[in-house]
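Here's the structure we're looking at; comments come further down.
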């Protein structure tokens, strides 16, 4: 049977408190209340053939590359077939479903398989954190037709 000495117990308690402090969310960058992101093209419900262009829109804020801290700016992230937006408490992750446009890009070309797909923009600050309040476009659906 294992016993924990008072010193070991204190060490475990200290490490747990330290880990909990590290899990706290980074401060989020404020955004104007009237700011919003939107997808200019394609239109919601549109049938497309891959590859196709997606054009990003942003109202009430400016676009700046990742790492640039300027008031009322951010950079785009495109969510592809993501059911629920990522939590606001952590930087937006990088994956095939969450594409980063940290160079300040305002459009991209996608090559998706045939079928319906959802697209949504999320603005991230210099550190890929979502703003407060989050700046997200409406989620649209596109249908990729067979070639």
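The values are calculated or read from the model by the stated rules, or taken from the named source; none is laboratory data. Just so we're clear, the structure is a prediction, and the values are computed from it rather than from any experiment. With ideal geometry, Cβ positions are generated from the backbone for all residues, glycine too; neighbour counts draw on all protein chains shown.
Laid out as a table, the results:
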quantity: Test: residue in region 91-98 that is within 18 Å of residue 35 (Cα to Cα) and at pLDDT 95 or above; calculated: no
quantity: Residue within region 17-28 that is surrounded by 14 or more Cβ atoms within 10 Å (Cβ to Cβ) and either at pLDDT below 95 or not in a loop (DSSP other than H, G, I, E, B) (or both) present; calculated: yes
